[in-house]
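Read the structure below first, then the notes.
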Amino acid sequence: MTSNRIHFVQGLRFSCTGCGKCCHNDWDLLVTKDKAESIRETELFAEKVRQGFTPLRVLDELFVLGTKETGGCVFLDGELCEIHRDLGPDSKPLGCQLFPLNLVQAPDGYHVSLSFACPAVLAGVGSPIDEHREWLSEFIAAENDIPPLCVVPEQISVSLHKEIPYDEYLELEAKLVACLDDSLCPQGIINWACTMLEEGPNFSVEAWSPLKGCPLLGEALQLLDLFGRSVVGIVELEASPDEREAFIQSLTEDYLGRSLRTGAAFPNFAFYRPPSEMARAVIVKFFRSQFLGKRLLTGQTVVSRLLAFGTALAVICYYLEAQAREYKSLHFSFEHLEKAFAIVEENVLTHSEDLEPFFLKYEEALAEILGCSEQEPLEPTAV
């Protein structure tokens, strides 16, 4: 039975600054049937229709907020939410009310972390996150279906061939968090995934060490180069898939392409490190919050999510490197970090599930190299 206890990742701070950045994103933001019906009955909805907008769209039989051709929510007026202004904060879609809080429902309760796509979170602006406890408790009690929400089963799939109880996963998570400060780099995270995969059905949390090297790492990093460049291609050319193959290949050479997201010319794709200690400190804080917020459990397996995080870190550092070279910046730049995190959070990790099968293929490719793919994979656990 799942507990209603709320666990906050300590050390995170957030208070909304009203920047409106979240409302300018083109996310498909779900609206429950009840919220949609109440919005459709308002004069605000009718006015948006008269202006030529589609305030609510239907996507896969679900309601989502409409967006403007120029980008952003149809209910955004400048930096102000018109639903909030005219109808009150409780009338906003649940995802709008929650952002930038990420909720994962685990057997021991709700785990709350923050999205670093929010500039206020990235800067550590505002009150400690646990000061939202009273509001969040009331919110959870009032809502039966809280999007976006991942529900974690009692048995955790470490890989396609190994499950462990949730209590053992907590021991594994503690080992990962304990070595973040010393070994946070794309190669290190990919190595964690490789060593878990290498042991297959014999994986043991007690015996496993994050410091153990894996012979598979060299081949895994070759795949990371390919998968990393592919992620950049998907992010940059979301609307032009036919152009991706040539673009991805161009990232093997310096400055043959320019980012549509940052304006910077791209260097050769490589596993760069954070350009400053300040940037590294923010990245460590991000990964710690993601792990303790149970975000490793939002995919099909822990290994595939580690591969996603390793790739995401490579992409974050790559965008930071590209911007640093373009603008000849040798010091910490919050603007560069903000752009890099927005790209990765919005397209790779937190606010997009499109790439989950992509990283599962990464795991399957590594399993095939190890010979694990000949074993019968586990059936997905029902939640």
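A short reminder: the numbers here are calculations on the coordinates, not readings from a lab. Since the model is a prediction, treat every value here as computed from it, not as a measurement. Here the Cβ is made from the backbone with ideal geometry for all residues, glycine too, and neighbour counts use every protein chain on show.
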So which lysines pass the test for K285, namely a Cα distance under 20 Å, with those fewer than 8 places away in the same chain ruled out? K175, K294, K339
What helices does the chain hold that run 24 Å or longer along their axis, going by alpha-carbon atoms, with a Kyte-Doolittle average of 1.6 or more, using DSSP H for the helix calls? none
Value of [θ]222 nm, deg cm²/dmol, for the chain, DSSP H segments ≥ 4, -39500 (n - 2.57) each, nearest 500: -13500 deg cm²/dmol
Ordering 7-19, 357-369 by per-residue average of other C-beta atoms within 10 angstrom, highest first, gives 357-369, 7-19
Peptides 214-224, 298-308: what's the order by average Cβ count within 10 Å, highest mean first? 298-308, 214-224
Whole-number percent relative contact order across the range 62-144, with pairs defined as alpha carbons under 8 Å at least 6 apart: 11
In whole Hz, the Karplus estimates of ³J(HN,Hα) for the range 61-66 (6.51, -1.76, 1.60; θ = phi - 60°; x where Gly or Pro) are 6, 10, 7, 9, 5, x
Express the relative contact order of the range 6-151 as a whole percentage, based on alpha carbon pairs under 8 Å and six or more residues apart in sequence. 35
Amide H proximity to E163 below 5 Å, modelled H, separation 5+ or other chain, gives V158
Cβ-based charge dipole, the chain, positive-most Cα from A340, L56, N4: A340
With only Lys, Arg, Asp and Glu charged, each at its Cβ (+1 for the first two, -1 for the last two), find how big the charge dipole of the chain is about the Cα centre; round to the nearest 20 debye. 1100
Gain in span if fully extended, W208 to E238, counting 0.36 nm per residue against the direct Cα distance: 6.9 nm
Residues meeting the amide H criterion for I6 (H placed from the backbone, H to H distance under 5 Å, 5 or more places apart or on another chain) are Y110
What relative contact order, as a whole-number percentage, does the chain give when Cα pairs under 8 Å and 6 or more residues apart are counted? 18
Mind giving me the FRET efficiency for E245 and R325? R0 is 25 Å, r the Cβ-Cβ distance, nearest 0.05 is fine. 0.50
Could you give the nm distance between label points at E131 and E168, where each point is 7 Å from its Cα heading toward the beta carbon? 4.2
Shape of the range 286-372, Cα gyration tensor, a/c cut at 1.5: prolate
Which percent, nearest 5, of DSSP beta bridges in the chain are antiparallel? 80
In nm, the gap between the two label points placed 7 Å beyond Cα toward Cβ at A46 and T17 is 4.0
